[in-house]
Amino acid sequence: MLNHKDVLGLYDLSAEEIDEILSVGMSMKKLLKQNIKRLPHLQGKSVTTLFYENSTRTRCSFELAAKYMGAHVVNIAAASSSVQKGETLIDTGKTLDAMKNDVIVIRHPMGGAPRLLAKTVKAHVVNAGDGMNEHPSQALLDMLTMRENFGRIAGLKVAILGDISHSRVAKSNLFGLKKLGAEVTMYAPRTLLPTGIGQMGAKVCASREEAVEGADVVMGLRIQLERQHAGNFPSLGEYAGFYGVDDGVMRYAKKGALVMHPGPVNRGVELTSALIDGDTSRIEEQVLSGIAVRMAILFLLTKEEV
Ligand code: CP
């Protein structure tokens, strides 16, 4: 049971709530690994995915998570909805509420849109990524993957490299990992490093090597070209050479350190293809963790109190 009606970000959730989502997610993942995809937890519930931005992993993963637990699922892409006729987010939310939706999963380009929706509707709202703010289910699936591999989060050193400024994934991971006792180091071009990230708990490093030194996990981030309005680095080639993750950088991490990326990945830019497809990569594992953790979120939000 969560103490919140909605899951809007890991800034809001307590360490205990995050821990509970991860514990239920671990159980769900064990079932998924046995190919068990018919569970009763959401029977009689309806879940709507409302996406104002493109997505492959997150939308598909929430849909499968809900369906594997027996929910009715409706998918709305803003491009083909009444949003195109000028309907506001609040009116769209009220319409979905009137249809007795239990959960609305929303992705929106504006930070704060899920919170606005959550204030307006009776349904539980899950943030599937809002602008440059948070992407809580992504960070939870990253943490689930780490916990599965290391048996814990506390004491891990996680290095996050890349476009931190535009990354909702980096911020959610920072909040969640710090609450569970991990150390988070970051390295990015100065133009892609938000002011105040150090005060939020990250150790901002002066080089890739410093950030990765002794790391258990090295996470690359996608360069979010769609959110950049100015040239923040000279070229993709130079970005890869100075800020990307390759074998040379990984030599500074712990032996066997895991390579992670939220996807979609720009091969050869944020990570080399050899690392993406190598033994230490957990990128595909993250995708399965995504369904498991989203099953846990949907279940814990809609679970009736006894
Ligand atoms: N990681 C992630 O959010 O991927 P999608 O944009 O494909 O959902």
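A few comments on the model shown:
- Taking only Cα atoms of the range 197-306, radius of gyration then Dmax in Å: 16.9, 58
- Where Thr95, Thr58 fall by accessible area, highest first, once all protein chains stay in place (1.4 Å): Thr95, Thr58
- Listed residue pairs exceeding 20 Å between alpha carbons, taken from Lys119/Lys171; Lys30/Lys178; Lys30/Lys171; Lys122/Lys303; Lys67/Lys303; Lys100/Lys122: Lys119/Lys171; Lys30/Lys178; Lys30/Lys171
- List Asp12, Asp130, ordered by accessible area with a 1.4 Å probe, largest first: Asp12, Asp130
- Diffusion constant of the chain at 25 °C, which comes from Stokes-Einstein with the Kirkwood Cα-pair radius and 0.890 mPa s, µm²/s: 125
- Distance (nanometres) between label positions extended 7 Å along Cα→Cβ at Lys203 and Lys37: 4.2
- Accessible carbon and sulfur surface of the chain relative to its total accessible area, %, 1.4 Å: 52
- Note on the range 1-140: with charges restricted to the Cβ of Lys and Arg (+1) and Asp and Glu (-1), its dipole about the Cα centre is near 600 debye.
- Phe242-Lys94 FRET efficiency (beta carbon distance; Förster radius 51 Å; 0.05 resolution): 0.55
- Membrane-span-like helices in the chain, defined purely by DSSP H runs whose alpha carbon atoms cover 15 Å or more axially and whose average Kyte-Doolittle hydropathy reaches -1.0, are 15-33, 57-68, 136-150, 168-179, 283-302.
- Along its principal axes, the range 122-197 has C-alpha extents of 39, 35, 17 angstrom, given from the largest down.
- Annotation: Cα Rg of the range 136-285 relative to the compact-globule expectation 2.2 N^0.38 Å equals 0.94.
- Taking all protein chains together, His4, His72, His108, His261 sort by accessible area into His72, His4, His108, His261, largest first [probe 1.4 Å].
The values are calculated or read from the model by the stated rules, or taken from the named source; none is laboratory data. Because the structure is predicted, anything quoted here is derived from the model rather than measured. Using ideal geometry, Cβ is built from the backbone for each residue, glycine included, and neighbour counts are taken over all protein chains shown. The area values use the complete protein model at the heavy-atom level, side chains included, leaving out ligands, DNA and RNA. Shrake-Rupley method; radii C 1.70, N 1.55, O 1.52, S 1.80 Å.
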